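In what follows, a single structure is set out as structure tokens and then discussed.
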Amino acid sequence: MGLWSIPGGHVEPGESWQDAVEREVKEETALEATCGAFIGWVERESGGHRYLIADFEIDVVDPNTAKPGDDASDLIFAERSDLEQLNMSPGLRDFLRQHELVEL
């Protein structure tokens, strides 16, 4: 709560990574997206469980249809230059740096 992040979630049984990405983007932003190239992955531990988080590029059909899902209070499209000012979820800034997506 109160932290900026990117859409995410889990893969349902029998669902491909790509289908999960497209479904989660739609659930969390109302955007129709096509899953693109794999960016990278990171492992996290929480509550005694280990999680593998995989990130992908996406293409969006119409960004004007974006609205926050029920797990977010707001939604923004941030420019790379804006990212330094955002209070991000733990580990996200390091991930973006590691994969050379932004210079922060």
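Here are a few things to note about the model shown:
- Measuring nothing but how far apart in sequence close Cα pairs (under 8 Å, 6+ apart) lie, relative to its length, the chain scores a relative contact order of 26 percent.
- Fewest-first ordering of Met1, Met88 by other beta carbons within 10 Å of each residue's beta carbon gives Met1, Met88.
- For the chain, the alpha carbon convex hull comes to 117 Å³ per residue, rounded to a whole number.
- With the highest mean first, a sort of the peptides 46-57, 11-22 on other beta-carbon atoms found within 10 angstrom per residue produces 11-22, 46-57.
Every number here is computed from the coordinates shown, using simple stated rules; none is lab data. Treat the numbers as computed from the prediction; the structure is a model and nothing was measured. A quick note on method: Cβ atoms are made from the backbone with ideal geometry, for glycine too, and the neighbour counts reach across all protein chains shown.
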